[in-house]
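Asks: If you scroll down you'll find the structure; I have some questions about it.
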Amino acid sequence: MKRGAFLLSFAWVVALVATLGSLYYSEVRLFLPCELCWYQRIFMYPQAVILGLALWRQDLGVWPYSLTLSLIGGSISTLHLLEQKFPERFTLACKPPVPCSVEYIPQFPIPLQALIAFLLIAISMGLLAREARRG
């Protein structure tokens, strides 16, 4: 498998797992998503589709779109983590009924999981950009 196809496949699998994982948390575990969780989903869910289509078409030119979505989504994840760790300093981000400071999984917070997924996709897209320029 060529490097570009591998990077695209890896990013798609990460986006798909993150999307299905967030649906599992909300639909099976019944965790209510907060406002920042919704924004993170807005930047992750389309990537499962966009990267899947790009993989199917072997379109390495998808990297700027996915990278942009990942950088914005990762920024929101970072803000969400700060909200959880320092709720007294970041009070404007979320409103009731579900405050962003709620930690459903304290050992491995959901925004950290999202941040890792966004970072993995962003790194893959950065490497894919270099690959696309070579090709």
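The values are calculated or read from the model by the stated rules, or taken from the named source; none is laboratory data. Since this is a predicted model, take the numbers as computed values, not measurements. Please note: Cβ atoms are built from the backbone with ideal geometry, for glycine as well, and neighbour counts cover all protein chains shown. Side chains included, ligands, DNA and RNA excluded: accessible areas come from the protein's heavy atoms. Shrake-Rupley method; radii C 1.70, N 1.55, O 1.52, S 1.80 Å.
Asks: Exactly one condition in (1) farther than 19 Å from ALA117 by Cβ; (2) out of contact with any Asp or Glu (no Cβ under 7 Å at 6 or more places or on another chain) is not met by LYS95; state its number.
Replies: If we test LYS95 against (1) farther than 19 Å from ALA117 by Cβ; (2) out of contact with any Asp or Glu (no Cβ under 7 Å at 6 or more places or on another chain), just (2) comes out false.
Asks: Would you check which residues across region 54-111 are surrounded by 13 or more Cβ atoms within 10 Å (Cβ to Cβ), closer than 27 Å to LEU7 by Cα and aromatic (Phe, Trp, Tyr) and list them?
Replies: If the condition is that a residue be surrounded by 13 or more Cβ atoms within 10 Å (Cβ to Cβ), closer than 27 Å to LEU7 by Cα and aromatic (Phe, Trp, Tyr), then TRP63, TYR65 are the ones that fit.
Asks: Any residue in region 59-80 that is of a type in the set (A, V, I, L, M, F, W, C) sitting within a Cβ distance under 6 Å of a residue that is open to solvent by 50 Å² or more (accessible area, probe 1.4 Å)? List the pairs, counting only those 6 or more apart or interchain.
Replies: ILE76/TYR39
Asks: Which pairs do you get when a residue that is within 21 Å of LEU120 (Cα to Cα), found in region 18-29, comes within reach of a residue that is open to solvent by 70 Å² or more (accessible area, probe 1.4 Å), reach meaning Cβ atoms under 8 angstrom, with the pair 6+ apart or on two chains?
Replies: TYR25/TYR104
Asks: Looking at (1) without any contact (Cβ under 8 Å) to a residue 24 or more places away in the chain; (2) under 13 Å from PHE118 (Cα atoms); (3) of a type outside the set (Val, Ile, Thr), which is the one condition that is false for GLU88?
Replies: Going through the list (1) without any contact (Cβ under 8 Å) to a residue 24 or more places away in the chain; (2) under 13 Å from PHE118 (Cα atoms); (3) of a type outside the set (Val, Ile, Thr), GLU88 breaks only (2).
Asks: Report, by residue number, each residue of region 91-135 that is touching a residue at least 12 places away in the same chain (Cβ under 8 Å), part of a loop (DSSP other than H, G, I, E, B) and either within 21 Å of THR19 (Cα to Cα) or within 15 Å of the chain's Cα centre (by Cα) (or both).
Replies: VAL98, CYS100, VAL102, GLU103, TYR104, PRO109
Asks: On to the next question. Which residues, taken from region 27-51, are more than 17 Å from GLY73 (Cβ to Cβ) and either assigned to a helix (DSSP H, G or I) or within 15 Å of the chain's Cα centre (by Cα) (or both)?
Replies: Across region 27-51, the qualifying residues are GLU27, VAL28.
Asks: Still on this structure, I have one more. Do we find a residue being at pLDDT 95 or above, of a type in the set (A, V, I, L, M) and more than 30 Å from ARG134 (Cα to Cα) anywhere in region 41-51?
Replies: yes
Asks: Given the conditions (1) of a type in the set (A, V, I, L, M, F, W, C); (2) open to solvent by less than 90 Å² (accessible area, probe 1.4 Å); (3) over 30 Å from ARG3 (Cα atoms), and given that TRP38 satisfies all but one, which numbered condition is not satisfied?
Replies: Result: TRP38 passes all but (2).
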